[in-house]
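Take a look at the structure below.
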Amino acid sequence: MRERVESAFTERFGQRPGVMTRAPGRLEILGNHTDYNEGTVLSVAVDRAMHVAAGLAPGRICTLVDLGTGSERTFDADDLAHPKKGDWANYIKGLIVEMRRRGMAVPAFRAVLLGTVPMSAGMSSSAALEMAMVLALSRLAGVELPWLEAARIGQACENNYVGARTGLLDQFSSLKGRAGSLVYSDFRSLLVENVAIPDGTAFVVVNSMVKHNLANEYNERRQACEEAVRVLQRVYPGVKALRDVSPAQLAAAEKELAPVVYRRASHVVGEISRVAQGIAALAGGDVARFGQLMFASHDSSRENFANSCVELDLLVEIARRLPAAYGARLSGGGFGGISVHLVRAEQATAYAQEVAGRYRDQSGRTAEAMICTAAAGAGLL
Ligand code: GLA
């Protein structure tokens with residue numbers, strides 16, 4: 001990958017790149033829609049990533065070349081005020097806007113990109129693009145960017161330029177991954193730790209191939225969580241976010257909340273509790289228990305948060321019937337995209353084939369199944 005972006009850059013622009021970076025996609029393992037509720041998440045950075053070779057450009061025109069799709073973009077470095085709806089270049093233009101807002105002098109540049117994270121699938125291809133580019137652009141701007149600032153710039157790009165009110169999970173995971181480890185993030189303290197992946201297990205990712213379109217439904221879910229906080233604050237002064245509400249407190253306040261808002265809040269509060277239980281299960285070497293928590297997480301997505309779909313439900317049902325699976329659930333925003341399955345490592349290949357086959361028989365759709373391993377976080381190449 002490194003050689004491919006490097007030689008493509010040199011061929012195209014007649015000089016060597018000034019900087020090369022790599023940033024991985026991620027899987028959300030436990031803790032769904034908890035990040036913007038100041039909760040906790042277990043995730044993993046995967047061995048699929050965005051690779052970037054970049055250098056300074058003469059004049060003010062920036063050029064982006066995506067080797068994977070053959071698509072190219074050029075834009076004026078001083079004309080970034082208007083995002084173009086649905087354009088992938090927004091993820092980069094938005095970064096420049098946010099970096100400049102923070103006082104960084106981002107120069108005109110050109111870049112060659114090559115990504116292996118499936119797009120619009122819930123594996124954070126956009127965060128991989130943002131983190132690879134923000135590292136490259138900060139280098140070209142001559143700035144040492146602390147990792148938290150890099151994450152916040154990516155999030156601000158999504159929130160302000162792209163229009164999705166996402167949290168910090170995807171950027172944290174892409175930046176703080178480590179081979180063999182999960183990333184445990186606390187979105188209140190903003191502390192991150194690595195937690196070992198249990199021996200003898202593997203993650204199988206099965207893409208339902210239903211494309212998810214995050215922005216509208218996602219923002220709506222976020223509003224429901226904010227509404228829940230407003231009501232719960234009247235019952236429990238001192239509540240600042242759903243992180244502050246225990247499952248028992250939420251249940252006791254059920255009648256105060258509209259039924260749909262109650263279900264949305266139940267999901268988030270339940271997820272935060274499941275992450276704590278999951279950490280304890282891992283610490284005690286109880287992988288079976290951890291898997292059960294993944295199944296419970298999916299049930300709650302389906303019933304409470306309504307961010308699953310029939311295809312994802314089917315994939316998780318298939319997993320429940322296969323002894324090789326410890327657990328399975330949707331991963332990321334939801335509404336389509338991937339499911340993640342924690343399985344016995346020695347059976348992972350056969351399992352991936354079996355799930356894809358059963359899914360095809362029962363849904364008529366062709367799923368893409370892959371084994372993902374935990375990889376290092378974003379950095380210079
Ligand atoms: C998307 C968002 C994240 C997070 C997840 C759900 O991936 O980008 O911030 O909210 O959905 O957990």
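Sort out which residues of the stretch 64-96 are in contact with a helix residue (DSSP H, G or I) (Cβ under 6 Å, 6 or more places away or on another chain), open to solvent by 20 Å² or more (accessible area, probe 1.4 Å) and of a type outside the set (Ser, Thr, Tyr), and write them in order of number.
LEU67, PRO83
Okay, residues lined up against (1) in contact (Cβ under 8 Å) with a residue 40 or more places away in the chain; (2) in the same structural domain as VAL206 (by TED's automatic domain parsing); (3) of a type in the set (Ser, Thr, Tyr):
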site	(1), (2), (3)
VAL106	no, no, no
MET119	no, no, no
SER126	yes, no, yes
LEU140	yes, no, no
GLY154	yes, no, no
ARG165	yes, no, no
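Away from the ligand (no atom under 16 Å from the Cβ), of a type in the set (Gly, Ala, Ser) and either surrounded by fewer than 17 Cβ atoms within 10 Å (Cβ to Cβ) or in a helix (DSSP H, G or I) (or both): is that true of GLY285 in this structure?
Answer is yes for this residue.
From the set of residues in the stretch 45-63 that are in contact (Cβ under 8 Å) with a residue 60 or more places away in the chain and surrounded by fewer than 23 Cβ atoms within 10 Å (Cβ to Cβ), which is farthest from VAL205 (Cα to Cα)?
So the residue we want is LEU56.
Looking at the stretch 240-256 only, could you name the residues that are part of a loop (DSSP other than H, G, I, E, B) and open to solvent by 50 Å² or more (accessible area, probe 1.4 Å)?
LYS240
Can you name the residue in the stretch 146-169 that is more than 19 Å from PRO83 (Cβ to Cβ) and open to solvent by less than 40 Å² (accessible area, probe 1.4 Å) and is also farthest from the ligand (Cβ to nearest atom) among such residues?
Only one residue fits best here, namely ALA150.
Determine, yes or no, whether ALA128 is of a type outside the set (Ser, Thr, Tyr), open to solvent by less than 20 Å² (accessible area, probe 1.4 Å) and away from the ligand (no atom under 16 Å from the Cβ).
The answer is no for ALA128.
Does the stretch 301-328 hold any residues that are part of a helix (DSSP H, G or I), without any contact (Cβ under 8 Å) to a residue 60 or more places away in the chain, surrounded by 18 or more Cβ atoms within 10 Å (Cβ to Cβ) and out of contact with any Ser or Thr (no Cβ under 7 Å at 6 or more places or on another chain), and which are they?
ILE318, ALA319
Among the residues of the stretch 4-44, write down those that are more than 10 Å from the ligand (Cβ to nearest atom), assigned to a helix (DSSP H, G or I) and either crowded, with 23+ Cβ neighbours inside 10 Å or modelled with pLDDT under 95 (or both).
VAL5, PHE9
Residue under question is VAL269, and the condition is that it be surrounded by 20 or more Cβ atoms within 10 Å (Cβ to Cβ) and free of Cβ contacts under 8 Å to residues at least 40 places away in the same chain; does it hold?
Here the answer is yes, as VAL269 does meet what is asked.
List every residue pair whose Cβ atoms sit under 8 Å apart, with the two residues 6 or more apart in sequence or on different chains, where the first one lies in the stretch 364-381 and is farther than 19 Å from SER173 by Cα and the second, anywhere, is open to solvent by 70 Å² or more (accessible area, probe 1.4 Å) and of a type outside the set (Asp, Glu).
So the pair list comes out as ARG365/MET209; THR366/MET209; THR366/ARG360; ALA367/MET209; ALA367/ARG360; GLU368/MET209; ALA369/GLN353.
The values are calculated or read from the model by the stated rules, or taken from the named source; none is laboratory data. Here the structure is a predicted model, which means the values were calculated and not measured. Counting neighbours? That spans all protein chains shown, and the Cβs are built from the backbone with ideal geometry, glycine included. Surface accessibility is based on the protein's heavy atoms, side chains included, excluding ligands, DNA and RNA. Shrake-Rupley method; radii C 1.70, N 1.55, O 1.52, S 1.80 Å.
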